[in-house]
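The values are calculated or read from the model by the stated rules, or taken from the named source; none is laboratory data. Note that this is a predicted model, so its numbers are computed, not measured. Ideal geometry is used to build each Cβ from the backbone, glycine not excepted, and the neighbour counts take in all protein chains shown. Protein only, heavy atoms only, side chains kept; ligands, DNA and RNA dropped before computing areas. Shrake-Rupley method; radii C 1.70, N 1.55, O 1.52, S 1.80 Å.
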Amino acid sequence: MIQTPYYLIDKTRLLPNMEKIAYVREHSGAKLLLALKCFATWSVFDLMRDYMDGTTSSSLNEVRLGREKFGGETHAYSVAYADHEIDEVIANADKIIFNSIGQLERFADKASGLARGLRLNPQISSSSFDLADPARPFSRLGEWDVARIETVMDRVNGFMIHNNCENKDFGLFDRMLSQIEERFGSLLGRVEWVSLGGGIHFTGEGYPLDAFCARLKAFSERHGVQVYLEPGEASITKSTTLEVTVLDTLNNGKNLAIVDSSIEAHMLDLLIYRENAKVEPNTGEHSYMICGKSCLAGDIFGEFRFERELKVGDRISIQDAAGYTMVKKNWFNGVRMPSIAVRELDGTVRVVREFGFEDYVASLS
Ligand SMILES: Cc1ncc(COP(=O)(O)O)c(C=O)c1O
C-alpha cells in the first residue's frame, strides 16, 4: 500500500481524453498543445506526446519544461516577460506570443527568428466568474483595439485568443467564435495561424465532437490559418485522484472526517473557486464532511455520502484531481506533500515522486 496522501494519475483514464484529442486533430486539422499551467506532471508526457503536438506555456520555467520534457512544438506566452528572461524564452520556443503591443514592440526584434504572435482580447465572456474571465472589464489579457493592432501587423504572423472558460456548450463556443470573426475578421486573413486557447470542454461526455471539428475546419479555411487549441483541463479531465486516509472522526452536529491532506495545500483551485471536491459514488446512508488537516477553518473538501461509517485508517479517493492541482500544491502548514503515482496501461502502479522534509526545507530559506 502506497503511503497517502498521493495523486494517482491513471493512464487508462487519461487515454480516452487523448483519443478524443487525436480525433479532433485528425478531423479538424487543428494542432493541439497541452497548456502546462493546468498540468505539468511530466512523468506521463510519454503517453501524451503521441497524441498532442506540443505544449504552450505561461512563463520561462514552463516553456523550458515543455521543450525539455514534452518536445514537439513549443509555444511561449506570458502576461509579461522581463528583460532578463527573454533570451532564454526565445532559445526554447518555436513561437512566441506577446500579451500586449508594448511587449511586442519591446521584444519583437530579439524574437525575429521565431514566429511571433499577439494575444487578442475579443471582450466576449463565457464565464460570469470574473476571477477566471479573461474578458472581464479592464482585462490586461490581450489587445482589443483593431486600429492599434493594425499598427503592428508587420511584426506578427499569428494571434492567440483565449476567452473560453470551462465551456461545455458547443453552441456558445460557436456563437462566440462568430463574434470574434466579425470583430477581428479584417485581421484574421492576414496571419498564418490562430490559437483559440483553452477552456473548451470538448473531451467531456456528450460533447458534439464532429460539429466542433467542422466549425474549426470552417474557421481555418475561411481565414486561411492553421488553428491551434491549448487544452489544459480537457486533456487530463477525470484522469487522476487524490488518495487520502482518515486520521480522525468527530461529530459537531455533523459527522466530520479529518484526512491527511488539505484542500488549501493540495487542491487549492477548488477553494479559490468555492467548489466542492468530488467523491464517487457519493451514495449511502452515512454523510460526512471531509476536512483537511491544515489550521484553516474552511479547509473542507465537501460533504459526501458513504455506504458505511468512516473510521480512522479508511481510504478515500478524491476524484478529478489532475487540473490546476499539482501545479499549485504548496507547503502550507508543512502538511506532507502528496506523492505522485502513475497507474500504467497494464494496471501496475508506480510511485514516480515522493516529497520529504528536505523538499520542504528547500522551498524556503
Ligand atoms: C492562454 C491560455 N491557454 C490555455 C489555457 C488552458 O485552459 P483550460 O485548462 O481551461 O483548458 C488557459 C487557462 O487559463 C490560458 O489562459
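Could you sort 124-135, 41-52, 345-356, 5-16 so that the peptide with the highest average Cβ count within 10 Å comes first and the rest follow in order?
5-16, 41-52, 124-135, 345-356
Across the options GLY54, GLY102, ALA91, the greatest Cα extent toward the positive end of the charge dipole of region 21-113 (unit charges at beta carbon of Lys, Arg, Asp, Glu) belongs to GLY54.
Give the carbon-plus-sulfur fraction of the accessible surface of the chain in %, rounded to a whole number; probe 1.4 Å, heavy atoms of protein chains only. Looking at the chain in its full context, I get 48 percent from C and S. For a paramagnetic label modelled at 7 Å from the Cα of ARG136 toward its Cβ, which residues of region 273-287 fall within the zone defined by backbone nitrogen distances under 15 Å? 273-274, by backbone N distance to the label point.
What FRET efficiency do you get for SER58 and GLN3 if R0 is 25 Å and r is their Cβ-Cβ distance, rounded to the nearest 0.05? Rounded to the nearest 0.05, the efficiency is 0.20. Once the Cβ-Cβ distance of TYR360 and LEU296 is raised to the sixth power relative to R0 = 22 Å, the FRET efficiency obtained is 0.75. Packing around the peptides 336-342, 222-228, taken as the average count of other Cβ atoms within 10 Å per residue, puts them in this order, highest first: 336-342, 222-228. Only beta bridges with both residues in region 110-237 are counted; by DSSP, about 0 percent of them are antiparallel. Of all lysines in the structure, those lying under 16 Å Cα to Cα from LYS95, and not within fewer than 8 positions of it along the same chain, are LYS31, LYS110. If both residues of a DSSP beta bridge must be in region 199-333, then about 85% of such bridges are antiparallel. Between region 290-365 and region 224-246, what is the C-alpha centre distance in whole Å? First find each Cα centre; the distance between them is then 18 Å.
Beta bridges from DSSP with both residues in the chain: antiparallel share about 40 percent, rounded to the nearest 5. Of all lysines in the structure, those lying under 21 Å Cα to Cα from LYS254, and not within fewer than 8 positions of it along the same chain, are LYS278, LYS293, LYS311. Protection proxy ranking, highest mean first, for peptides 280-290, 189-199: 189-199, 280-290, where packing is the per-residue count of other beta-carbon atoms within 10 Å, averaged. Any chance you could give the angle, 0 to 90 degrees and rounded to 10, that helix 209-223 forms with the longest Cα principal axis of the chain? Taking the Cα atoms of the chain, the angle to 209-223 is about 20 degrees. Diagonalising the gyration tensor over the Cα atoms of the chain and scaling each eigenvalue by 5 before taking the square root yields semi-axes of 39, 22, 20 Å, largest first.
A simple charge model with +1 on the Cβ of Lys and Arg, -1 on the Cβ of Asp and Glu and nothing else charged puts the dipole of region 51-159 at about 80 debye relative to its Cα centre.
From the helices alone, meaning DSSP H stretches of at least four residues, give me the mean residue ellipticity at 222 nm for the chain, per-run term -39500 (n - 2.57), in deg cm²/dmol to the nearest 500.
Helix contribution divided over all residues of the chain: -7500 deg cm²/dmol.
Between the C-alpha center of region 1-52 and that of region 151-221 there is a gap of 22 Å. Any lysines with Cα under 16 Å of the LYS328 Cα? List them, leaving off those in the same chain fewer than 8 positions away. Straight-distance partners of LYS328: LYS37. If only the Cβ of Lys and Arg carry +1 and only the Cβ of Asp and Glu carry -1, the dipole of region 3-108 around its Cα centre is close to 340 debye. Place +1 on the Cβ of every Lys and Arg and -1 on the Cβ of every Asp and Glu in the chain, take the dipole about the Cα centre, and give the residue among SER220, LEU247, ALA341 whose Cα lies farthest towards its positive end. Value: SER220. Calculated accessible area for the chain comes out at 44 Å² per residue, all protein chains present (probe 1.4 Å; ligands, DNA, RNA ignored). ARG183 sits among other residues whose Cβ lies under 14 Å from its own Cβ, and their net charge, with Lys and Arg +1 and Asp and Glu -1, is -3. Computed about its Cα centre, the charge dipole of region 231-365 is approximately 60 debye, with only Lys, Arg, Asp and Glu carrying charge at their Cβ. Applied to region 113-123, the Karplus parametrisation 6.51 cos²θ - 1.76 cosθ + 1.60 on θ = phi - 60° returns per-residue 3J(HN,Hα) values of x, 10, 5, 10, x, 10, 7, 9, 10, x, 6 Hz, with x for Gly and Pro. Between helix 11-28 and the chain there is an angle of about 20 degrees, using the helix long axis and the longest principal axis of the Cα atoms.
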